[in-house]
1. Given the condition open to solvent by 40 Å² or more (accessible area, probe 1.4 Å) and under 19 Å from LEU88 (Cα atoms), answer yes or no: does some residue in region 166-177 qualify?
2. Kindly provide the set of residues from region 139-172 that are within 15 Å of the chain's Cα centre (by Cα) and farther than 18 Å from LYS49 by Cβ, ordered by number.
3. If I ask for residues that are more than 13 Å from the chain's Cα centre (by Cα) and farther than 18 Å from HIS70 by Cα, which ones from region 173-186 would you list?
4. Return the residues of region 81-111 that are within 15 Å of the chain's Cα centre (by Cα) and of a type in the set (Ser, Thr, Tyr); say none if nothing qualifies.
5. Any idea which of THR160, THR121 is open to solvent by 40 Å² or more (accessible area, probe 1.4 Å), assigned to a loop (DSSP other than H, G, I, E, B) and touching a strand residue (DSSP E or B) at 6+ places or on another chain (Cβ under 8 Å)?
6. Do any strands (runs of 3 or more DSSP E) lying entirely in region 7-94 carry at least 2 residues that are at pLDDT 90 or above and not acidic (Asp, Glu), and which ones are they?
7. Might you check whether a residue that is closer than 21 Å to GLY147 by Cα and either without any contact (Cβ under 8 Å) to a residue 60 or more places away in the chain or β-branched (Val, Ile, Thr) (or both) occurs anywhere in region 74-84?
8. Which members of region 132-157 meet the condition of being open to solvent by 70 Å² or more (accessible area, probe 1.4 Å) and free of Cβ contacts under 8 Å to residues at least 12 places away in the same chain?
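The values are calculated or read from the model by the stated rules, or taken from the named source; none is laboratory data. Quick caveat, the model's predicted, so the values are computed rather than measured. Cβ atoms come from the backbone with ideal geometry, glycine included; neighbour counts cover every protein chain shown. For the accessible areas, the whole protein counts, side chains as well, though only heavy atoms, and no ligand, DNA or RNA atoms are used. Shrake-Rupley method; radii C 1.70, N 1.55, O 1.52, S 1.80 Å.
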Amino acid sequence: MKNKVMIATLVTLLVVGVGVYLFALAVMPESEIESETDVTKVEETDNMKQMVNDYSVGTLVAHNASITSHELIVTETEDAETQLVYALPDDEFFVSIAPYIENTHPCAIHSLTGCQGELVTEDFHVHIEDTDGNVILSDDIQSLPNGFIDLWVPRDRHFTITISHDGKTAEGEFSSFEGDNTCITTIQL
């Protein structure tokens, strides 16, 4: 009996430790993540929005594609020897939002190839206003196969977002300044 309790305790500690480690990586500032990879900087491309969408829906495939407040970082192979880094538009900010009912995950920097939301290909009404009351978006949008709603909003503003789905509504806030999160998983319907 003591062995079973000890094993259960060790397993619990291991699971909690892994969870804390993964959470720390998700919220760690980009500048603190060290890498031994070769980085190729690519200037902003004319088709940036399409490229981001293609990684989100799986049309473009990479080992990892993540998006910060100012860069799309693509690691094409598992060995991660080379990363392609694309500059994002100067006037637009990318944010991906996964509204949820029961299941979510902590996230700060959105992984276009790894993050998975609960509500896949569901219809939502999304309304976004800035602090001056300007309506940025008010439209019906379907979440992507990864359960996220990808949005491009003006940079350097604070926003209020209202999301409605199947008679449930939730409100949240986010901003689009340098260093802000590109992954929002905290809006519970």
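1. Yes.
2. Across region 139-172, the qualifying residue is only GLY147.
3. GLU173, the sole residue that qualifies.
4. SER96, TYR100, THR104, SER111
5. Result: THR121 is the single residue among THR160, THR121 that is open to solvent by 40 Å² or more (accessible area, probe 1.4 Å), assigned to a loop (DSSP other than H, G, I, E, B) and touching a strand residue (DSSP E or B) at 6+ places or on another chain (Cβ under 8 Å).
6. 64-67, 71-75, 82-87
7. yes
8. If the condition is that a residue be open to solvent by 70 Å² or more (accessible area, probe 1.4 Å) and free of Cβ contacts under 8 Å to residues at least 12 places away in the same chain, then ASP132, ASN134, VAL135 are the ones that fit.
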